[in-house]
Amino acid sequence: MRHKTRKGQVSSGEAIGILLLDTSVPFVPGDVANATSYAFPVRFQKVEAEVVATAKQMAAEHEQLRALLLECSLLPPYGRAVKAAVNLPLFDYMTLINFVFSAVVKQAYTGFI
């Protein structure tokens, strides 16, 4: 068997790659982000840089773009970085929930007029 490496490669032998949020929380055994949860080698990769790069590419290739939607519930943590990179209005399920709540439940006004 012949093994090849790429410049900068620091590990090998992983058949499964797992994309992770850029978080700092304890991942207990059994959690998808804990390598001991698997009986085989896995490779982990944080995805923020890829999400931001994709948003920048989309904005550059489509000048008519006026807003972005982060469709997946895993993407809101990258919203700030995406918005800073593309300088467009940005929406995700959290902004939608807040919008719907403000339309359904009117808060009492407090303050001075």
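Quick note: the coordinates plus some simple rules give every number you see, no bench work behind them. Keep in mind that what you see is a predicted model, and the values were worked out from it rather than measured. Reconstructed Cβ throughout: ideal geometry from the backbone, glycine too, with neighbour counts over all protein chains shown.
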Worksheet, complete the sentence: In degrees rounded to 10, the 0-90 angle between helix 48-61 Cα long axis and the longest Cα principal axis of the chain is 60
Item to complete: Calculate the radius of gyration of the Cα atoms of the chain to one decimal place, then report Dmax, the largest Cα-Cα distance, as a whole number, both in Å.
Response: 20.3, 77
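Per DSSP H run of n ≥ 4, the term is -39500 (n - 2.57); total these for the chain, divide by its residue number, and report the mean residue ellipticity at 222 nm rounded to 500 deg cm²/dmol.
Values: 3 runs with 34 residues, N = 113.
When only DSSP H runs of four or more count, the value is -9000 deg cm²/dmol.
Provide Tyr109, Tyr38 in ascending order of the number of other Cβ atoms located within 10 Å of each residue's Cβ, fewest first.
Details: Tyr109 6, Tyr38 12.
The most exposed by this proxy come first: Tyr109, Tyr38.
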Discussion item. Could you tell me how many cubic angstrom of Cα convex hull volume the range 47-104 has per residue?
Written reply: 80
Worksheet item: Using the beta-carbon distance between Ser102 and Glu61 and R0 = 30 Å, what value does 1/(1 + (r/R0)^6) give for FRET efficiency, to the nearest 0.05?
Response: 0.35
